[in-house]
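Working notes, beginning with the structure itself.
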Amino acid sequence: MNTKFLWCASLVLVAGVVAVQPLRSTPQDAGKLQAAMEQIDGAVKGIQGALKTPDALDKALPEVWKAQRATLDAKAELPKAVVDMTDEKARRKAEFAYRTQMQDLMRALLDVEAAVLAGDAKKADKALRQADNLKSAGHSQFRPRDGR
């Protein structure tokens, strides 16, 4: 399959999901964000396992796609720390920062996918480490100190 086609298809998918999903989370939606983040974590573990065995590289693709779908789900929500902000200007700035980080995560996951399709486990691992760094940065910025 053509990498350019996959890139375009991913962009169309992102646009479609964002168009139909609400862009603000409410307290009852907090579980959706948590579920999406757990799906990302589970998929990343599957990708890591597949990357350790070069013969199993093709098994990473379904996990990459799971992580991408979960990233779209997470992007459609907002962390509680952002939703609870009372200062409108600060909340908008935090919302923008969150969505930008989710876009960066999706780009990293697209890089993982491209590397897997090319059969380059080293490049896929490097992109996956970049995604993990983005996750850590996002958690330190948007996850409350109590870990919820």
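Where a number appears in this text, it was derived from the coordinates with a stated rule and is not lab data. Because the structure is predicted, anything quoted here is derived from the model rather than measured.
Structural remarks
- Compared with the alpha-carbon gap, the fully stretched path from residue 133 to residue 90 is longer by 13.1 nm at 0.36 nm per residue.
- Linear extension gain, residue 56 paired with residue 81, 0.36 nm per residue minus alpha-carbon span: 5.1 nm
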